[in-house]
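Asks: Below is a structure I'd like to ask you about.
Nothing in this text is a laboratory measurement; each read-out follows from the coordinates by a stated rule. Just so you know, these numbers come straight off a predicted model, no measurement behind them.
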Amino acid sequence: MKSKPTYPALEAWLREQKSAKLDAVSVAKLNDSITGYHHTDESRSEILATSGIADDGSILDAVSLNTLDTGRASTPSKSSVNRMGRQSGNPV
């Protein structure tokens, strides 16, 4: 993908995929895995430090940290590339 699709466009694309599992149980399982994921301590500390937030243990989940990470400057940090094998905020 060269650009980020709109939410409805992404949803339509997902429905077109033959291997897509969009039943309620599969969607709930995926959502749980996303909301329950935590970055490494090193990644969390770097994201928080770069965002000017003290690492007091109050922000642990990857969803919140990724929101902070994608709001940073366009130059990717070492950990934002290494965590997922790609720069945070860019589509696969």
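Asks: What is the gain in length, in nm to one decimal, between Thr40 and Ser3 on full extension, counting 0.36 nm per residue of separation less the C-alpha to C-alpha distance?
Replies: Taking 0.36 nm per residue and subtracting the Cα distance, the gain is 10.5 nm.
Asks: Another one. Run down the aspartates and glutamates and flag those whose C-alpha is under 18 Å from the C-alpha of Lys29, throwing out any fewer than 8 positions away in its chain.
Replies: In chain and number order, the partners are Glu11, Asp61.
Asks: Hey, another quick one. Rg(Cα) of the range 1-60 divided by 2.2 N^0.38 Å?
Replies: 1.60
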